[in-house]
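Okay, so here's the structure we're looking at.
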Amino acid sequence: MNSGALRLPLPTRAFLVLAGIFLLLKLLRPVIPGSVIVLYMGFVIAGIVIHVTLRDERMREFADFFIIEPAGEPLAMRIQRWGLLAVIPLLIGWSVYDALRPTYAPPVEIFQRHPTVGEEILGSIKVPGWAAEPAKWSPDAIAQGKVLYEANCAVCHGEKLDGQGPAAEGFRHPIRPANFQDAGTIAQLTLPYVYWRLTTGGIQNQFNSAMPRWTTPADDPEASTLHSHDLTTDEAWKVIMYLYRATGNEPRK
């Protein structure tokens, strides 16, 4: 058998390497922030460019694949050529559009999604034993957290936890509801911090988040209704557990 007949063209191999590494980085656990993935992909692209341009025959092979269409060329080769000629411009066009399209995000130095909090405050937050270890989280507690989330939080943060709830479009300043699916949110935070952020809110604080303070009245710490903006301590932890389990993330240690 002619092994050369089974050899993929250089541009196809380069594209498969790019796609494979991108998918690996996206599926890797623990999750990697999007900005880091972009940085890594830049290194990969630079490596491919160096590999192709290091030898003249590779450069000719790469260019000839798109320029020259030999007579009697197999159908599979033509499909690869026209597929790459269609996909590559679309990917470049989308990247440029995504980078240049208008956004409404306020300046990060003014509106901080994850403001700094003192270790003394975080140290005072005691994680209940039943919520401390993700491997031991009860399915019933997570199910209860889902009900509470859908009743109170989904209107802003979305049923898919992506920050795209029905009310999300109403927020420009202050910052939009957090996208919990993003690797830069709860995946980077500890359990005490998430609890502090949930129960502190932002409307009445310096970080100008639109999220209310999800705590019960001081005179009735166990008061709670499904849609009341009031969560007991246990209910708050159940919502947090649901956030992590539904997004496939683990709290930072």
For this session: Run VAL155 past the list (1) part of a helix (DSSP H, G or I); (2) closer than 17 Å to LYS253 by Cα; (3) of a type in the set (A, V, I, L, M, F, W, C) and report the number of the one that doesn't hold.
Result: (2)
For this session: List every residue pair whose Cβ atoms lie under 7 Å apart, where the two residues are 6 or more positions apart in sequence or sit on different chains, the first residue falls within the stretch 84-104 and is free of Cβ contacts under 8 Å to residues at least 40 places away in the same chain and closer than 19 Å to LEU16 by Cβ, and the second residue, located anywhere, is part of a helix (DSSP H, G or I) and of a type outside the set (Asp, Glu).
Result: LEU85/PHE66
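Each row is one residue, and each column tells you yes or no for (1) assigned to a helix (DSSP H, G or I); (2) small (Gly, Ala, Ser); (3) at pLDDT 95 or above; (4) farther than 30 Å from ALA168 by Cβ.
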site: SER35; (1), (2), (3), (4): yes, yes, no, no
site: GLY47; (1), (2), (3), (4): yes, yes, yes, yes
site: GLU61; (1), (2), (3), (4): yes, no, no, yes
site: ASP64; (1), (2), (3), (4): yes, no, no, yes
site: PRO107; (1), (2), (3), (4): no, no, no, no
site: THR116; (1), (2), (3), (4): no, no, no, no
For this session: Check ALA99, ALA141, ALA131 and return the single one that is modelled with pLDDT under 90 and not in a loop (DSSP other than H, G, I, E, B).
Result: ALA99
Seminar exercise, completed: Scanning the stretch 179-195 for residues that are in a loop (DSSP other than H, G, I, E, B) and modelled with pLDDT of 85 or more, the one nearest to the chain's Cα centre (by Cα) turns out to be ASP182
Problem set entry | Tally of residues being at pLDDT 80 or above, within 21 Å of the chain's Cα centre (by Cα) and not polar (S, T, N, Q) across the stretch 196-253 | 15
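The values are calculated or read from the model by the stated rules, or taken from the named source; none is laboratory data. Computed from a prediction, not measured in an experiment: that's the story for all the values here. Cβ sites come from the backbone with ideal geometry, for glycine too, and all protein chains shown count toward neighbours.
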